[in-house]
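Engineer: This structure is in structure tokens; I'll ask about it shortly.
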Amino acid sequence: MTDLAVEPVDSPISEVLTPGVLPEALLHRFHQRAPEYDRDNRFFTEDLDELREIGYLRAAIPVSHGGLGWTLTEFNRAQRALAYWAPATALGVNMHLYWTGPLADRIAAGDTSLDWLAHEVAAGKVIAAGHGERGNDLAIDDSTTGAVPVDGGYVVNGHKIFTSLSPAWDWLGIHARDDSDPERPRIIHAFVPRHSEGVRTVETWDTLGVRATASHDTVLTDVFVAQEYVVDSYERGANPGPFISSILPWAIPALVNVYLGIGRRAVDVALESARTRNVLSLGGRPVAGKPFVQYHAAEAELALEAATAHLDHITEVLARGDDLGDRLLLALFAVKENGTRTARTVVDIALEIGGGGSIHRRNELERLYRDVRAGSFHPPSSDSVREYIGNFLLGE
């Protein structure tokens, strides 16, 4: 079984987006390019250009501010479909989109302080996430990047890793630590323009899977960040403000949709293979007639049904604005772990169904097997999830 051959469809990409739905012709083009990006370890430049042109990068921004006004539910539905056809593209663009959701929330709340960023997104600019740091297992709760207060802003020094969208970002959302008061260090969040002096990309991304994300390192050397681009500042150990606090409810469900999209695709490819691969033991009939293959298919479908229902439920709860109180993080962490773990499980099963040919480089399942592995490493990691939930439940 090779990557599904889809005949190119000649249709303009300027068609109006239906909320939560991406044009089929566009998705098929993305699918055709995905194995090339993976093989060449090349950024998804063409995909990003098309997504920008149809307005996908500004889909979550309110219409009043130049966006399409998609809800969290519609945004997640589209991300799952995008990941089904082009996993690395979906994962990479997610790092931009998860900034736009909280931005939309602040606009809806009447906060005008981030209108400048909404204007940039509406103009097609790309935002990347600069949170990853070597040795920092506390995510945004602390930072190895330093921020020194100066007149008009901060001077920032640090080394960020896993900067997806490295070749294309215009703004890098970072967090850093201000130790000017050693007794009360502060965490600051700010956006760094790409053209800032001292910003350097180090091309380190040559990985097992999701290769097209181009998640290279970003080195910040004496980078001046103007105060106008600082969006939050709080004492280390305190809770961030509403903009930063809104990142996880937008980022985690979308991330899980990416990996469940991979899982769904892998199972569908494997099932099609089983329907068309004939074997001698069944008299030349398809291997789909084997009870053990049917068992595997059922196991994969049962797992996908459960994880997808869990994810869709949490997404709807968040979209309605239900107050989960102190269980919000638990709910988000649980759906992240259950979803990404299920995705890995069903991809493994898909390879069992697909047989030995699944490990060949020309087989789409081989690429999906590699792509899905990254799910467990996205913050919160599997270990962090269990540590947090265990402490929460036991009161430690």
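Engineer: Using amide H atoms built in the peptide plane, which far-off residues or other-chain residues are under 5 Å from V202 H to H?
Structural biologist: Hits under the 5 Å cutoff: D217, T218, V219.
Engineer: How much length is gained if the chain between A123 and L328 is pulled fully straight, taking 0.36 nm per residue apart and subtracting their Cα-Cα distance, in nm to one decimal?
Structural biologist: Length gained between A123 and L328: 70.5 nm.
Engineer: Let me ask another. By how many nm would the segment from L393 to A306 grow when fully extended, if each residue of separation counts as 0.36 nm and the alpha-carbon distance is taken off? Intermediate results must be reported in sequence, preceding the final value.
Structural biologist: Numbers: separation 87, 0.36 × 87 = 31.32 nm, distance 2.31 nm.
Full extension from L393 to A306 adds 29.0 nm.
Engineer: Return the carbon/sulfur percentage of the accessible area of region 249-396, one whole number, probe 1.4 Å, all protein chains in place.
Structural biologist: Details: 3970 of 6990 Å².
The value for region 249-396 is 57 percent carbon and sulfur by accessible area.
Engineer: Would you please calculate the Kirkwood hydrodynamic radius of region 81-226 over all C-alpha pairs and express it in Å, rounded to one decimal? Spell out each step's value before the answer.
Structural biologist: Values: mean 1/r = 0.0621 Å⁻¹.
Radius from the Kirkwood sum: 16.1 Å.
Engineer: How much accessible area per residue does region 210-349 have, counting only protein heavy atoms and a probe of 1.4 Å, in square angstrom? Walk me through the numbers before you get to the answer.
Structural biologist: Values: 5990 Å² over 140 residues.
Counting only protein heavy atoms, the per-residue value for region 210-349 is 43 Å².
Engineer: For K160, go through the lysines and keep the ones whose alpha-carbon is under 30 Å away, minus same-chain ones fewer than eight residues off.
Structural biologist: K125, K336
Engineer: Now, a different point. Order H96, H360 by their accessible area, 1.4 angstrom probe, all chains in place, largest first. Each step should come with its number before you reach the end.
Structural biologist: On the way: H96 0, H360 85 Å².
Result of the area sort, largest leading: H360, H96.
Engineer: Tell me which residues come under 5 Å, amide H to amide H, from D232 once H is placed; ignore anything under 5 positions away on its chain.
Structural biologist: Amide H neighbours of D232: H189.
Engineer: Assign unit charges at the C-beta atoms only (+1 for Lys and Arg, -1 for Asp and Glu), then state the dipole size of the chain relative to its Cα centre in Debye, rounded to the nearest 20.
Structural biologist: 1260 debye
Engineer: Let me ask you something else. Among 321-331, 101-111, what's the highest-first ranking by average C-beta atoms within 10 angstrom per residue?
Structural biologist: Working: 321-331: 12.3, 101-111: 18.1.
Packing proxy ranking, top to bottom: 101-111, 321-331.
Engineer: I would also like to ask the following. For region 45-133, report the % of Cα-Cα distances exceeding 17 Å.
Structural biologist: Working: 1758 of 3916 pairs.
Of the Cα pairs, 45 percent sit more than 17 Å apart.
Engineer: Oh, and also: Given (i) 24.1; (ii) 22.0; (iii) 21.2 as candidate values of Kirkwood radius over Cα pairs in Å, which corresponds to the one derived from the coordinates?
Structural biologist: (ii)
Engineer: Would you mind calculating the relative contact order of the chain from Cα pairs under 8 angstrom and at least 6 residues apart, reporting the percent as a whole number? Don't skip to the end; give the middle numbers.
Structural biologist: Working: 719 pairs, mean separation 66.1, N = 396.
Rounded, it is 17 percent for the chain.
Engineer: If you don't mind, there's one more thing I want to ask. Mind checking the dipole of region 240-396: about its Cα centre, +1 per Lys or Arg Cβ, -1 per Asp or Glu Cβ, Debye to the nearest 20?
Structural biologist: On the way: 17 positive and 19 negative charges, 166 e Å.
That gives region 240-396 a dipole magnitude of about 800 debye.
Engineer: Sticking with the crude label model, points 7 Å out along Cα→Cβ, report the distance from Y295 to Q227 in nm, one decimal please.
Structural biologist: For Y295 paired with Q227, the spin-label model returns 6.9 nm.
Engineer: Given +1 on the Cβ of Lys and Arg, -1 on the Cβ of Asp and Glu, and no further charges, what dipole in debye does region 40-138 carry about its Cα centre, rounded to the nearest 20?
Structural biologist: Details: 8 positive and 13 negative charges, 31 e Å.
Charge dipole of region 40-138: 140 debye, to the nearest 20.
Engineer: Could you work out the equivalent-ellipsoid semi-axes for region 195-297, taking the square root of 5 times each eigenvalue of the Cα gyration tensor, largest first, in whole Å? All intermediate terms of the calculation are to be shown ahead of the outcome.
Structural biologist: On the way: eigenvalues 499, 80, 17 Å².
Semi-axes (√(5λ), whole Å): 50, 20, 9.
Engineer: If you don't mind, another one. To make sure I understand the rule: partners must be aspartates and glutamates, Cα under 19 Å from the Cα of K290, and not fewer than 8 residues away in the same chain. Which ones qualify?
Structural biologist: The qualifying aspartates and glutamates are D268, E272, E299, E301, D348, E352.
Engineer: Let me know the Rg and Dmax you get for region 246-396 when you use only its Cα atoms, in Å.
Structural biologist: Cα radius of gyration and Dmax of region 246-396 are 18.0, 61 Å respectively.
Engineer: Here's another thing I want to ask about it. Give the dimensionless ratio obtained when the Cα radius of gyration of region 175-250 is divided by 2.2 N^0.38 Å.
Structural biologist: On the way: Rg = 15.3 Å, N = 76, 2.2 N^0.38 = 11.4 Å.
Normalised by 2.2 N^0.38 Å, the Cα Rg of region 175-250 equals 1.34.
Engineer: Which one of G356, W250, T204 has its Cα pushed farthest toward the positive end of the charge dipole of the chain, where Lys and Arg give +1 and Asp and Glu give -1 at the Cβ?
Structural biologist: Farthest towards the positive end: G356.
The values are calculated or read from the model by the stated rules, or taken from the named source; none is laboratory data. The structure presented is a predicted model; accordingly, all values stated were derived computationally and were not measured. Note that each Cβ is placed from the backbone with ideal geometry, even for glycine, and that neighbours are counted across all protein chains shown. Calculation scope for accessible area: heavy atoms of the full protein, side chains included, ligands and nucleic acids excluded. Shrake-Rupley method; radii C 1.70, N 1.55, O 1.52, S 1.80 Å.
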